[in-house]
Amino acid sequence: RPSSSSELAAELRPASRPLMVARFMARTRARGALLAALFSGAGALRTRALRANEVGSLATRGFCVVPSWMPNEDVARVQADVSEIDAHGLLRAAMVGSGDNIRADESIRQSGMCSLIPGPPLHVGSADTRWQLTEAMGRLRVELELAPQLSHLSELTPFETELAYLSYPRGGFYQRHTDVPSRGWCIVGRKPCDGSSLARYERRRTISVLLYLNLDWNVDQWGGQLRVFAEPCEAGQPVGAIGRATRAAKAAGACKPVPAHQRELHYDIAPEGGTLVLMRSELVAHEVLTTREPRQAVVGWFRTTRPMEFCAD
């Protein structure tokens, strides 16, 4: 029998943890059911499953294009919500850079963005559509997690997804870039020795997601293509493997000069409504060519997290 209150607390603490977890999970399920009831005014946004060759392209080339991922009527629902958000002035200038160097720079990027996690006010546009879109992206994340061809990738951490509406005005563009800063990992939280109660960890973008919303896009007249830069890759070889092998051979003095046209390829992807594009965030450079008509898209990133060691003092 415990002889003091501190001993009693120590004895009860291990037994209470499972109960606390069970209560938390019950509250989470109840909250999910409540949200589902609140946002059940329309049918779920429909999407199709990824095909084996599409997932294989993401694994070996670093990107894939998925035409007709979402049917036209559902694409129109999402685009209508973007237009409502825009009409309420909630699209802000999209930023460039990372860390302390995040800024708006129209010489690099001209587009507007509105975050969906957290999202705009519920009374603006269709909160139901945004909820259904978030659910669709959650299903996509799980599908990628379960794909055997992508087993070499890091875990796509639940509840760490970034999601936003993106709108390019007439004349909008985005210069060549990758979606992961040079350091790669971003620190979240502070160390306990700095007085933080939030567990400190790192995260980075792993898979970039684009869903185009403009139906019947005339690419010859309006431009606005996504230009993806990718190295040539042998069948079945994970993306980046050729680059790593080339760098190793170069370091060993066994690398022959490669003709310029073989060093890098680029692919121009038309921003046709319903088309989904997936890219390896840290590997695949890309740019948005100048658009001669306004166009909208959904942009997102599935992220990976990892713990950090705390300081000793």
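Brief remarks follow.
- Some residue of the range 256-269 being among the β-branched types (V, I, T), farther than 23 Å from E145 by Cβ and modelled with pLDDT of 50 or more: yes
- Test result for R61, open to solvent by 40 Å² or more (accessible area, probe 1.4 Å), at pLDDT 95 or above, under 20 Å from the mean Cα position of the chain (by Cα) and among the charged types (D, E, K, R): no
- The set of residues in the range 54-74 that are among the polar types (S, T, N, Q) and either more than 20 Å from V142 (Cβ to Cβ) or not in a helix (DSSP H, G or I) (or both) comprises T60, S68, N72.
- Q79 satisfies every condition listed in (1) free of Cβ contacts under 8 Å to residues at least 60 places away in the same chain; (2) surrounded by 13 or more Cβ atoms within 10 Å (Cβ to Cβ); (3) among the polar types (S, T, N, Q) except (1).
- All of S98, S126, S57, S68 fail the test of being without any contact (Cβ under 8 Å) to a residue 12 or more places away in the chain, of a type in the set (S, T, Y) and over 15 Å from L166 (Cα atoms), apart from S57.
- Within the range 124-177, considering residues that are outside any helix (DSSP H, G or I) and of a type in the set (S, T, N, Q), the one farthest from R48 (Cα to Cα): Q175
Per-residue answers, yes or no, for (1) within 24 Å of S182 (Cβ to Cβ); (2) loosely packed, with under 13 Cβ neighbours inside 10 Å:
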site	(1), (2)
A94	yes, no
A104	yes, no
G112	no, no
P121	no, yes
S126	no, no
R130	no, no
T134	no, no
G138	no, no
E143	no, no
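- Every residue from the range 180-218 that is of a type in the set (D, E) and at pLDDT 95 or above: D216
- The residues of the range 286-313 that are under 21 Å from the mean Cα position of the chain (by Cα), of a type outside the set (S, T, Y) and at pLDDT below 95, listed by number, are R306, P307.
- For D81, the conditions (1) over 26 Å from A285 (Cβ atoms); (2) touching a strand residue (DSSP E or B) at 6+ places or on another chain (Cβ under 7 Å) all hold with the exception of (2).
- Within the range 87-104, the residues that satisfy the criterion of being assigned to a loop (DSSP other than H, G, I, E, B) and among the hydrophobic types (A, V, I, L, M, F, W, C) are L90, L91, A94, M95, I102, A104.
The values are calculated or read from the model by the stated rules, or taken from the named source; none is laboratory data. Not measured: the values here are computed from a predicted model. In this analysis, Cβ positions are derived from the backbone assuming ideal geometry, glycine residues included, and neighbour counts consider all displayed protein chains. Calculation scope for accessible area: heavy atoms of the full protein, side chains included, ligands and nucleic acids excluded. Shrake-Rupley method; radii C 1.70, N 1.55, O 1.52, S 1.80 Å.
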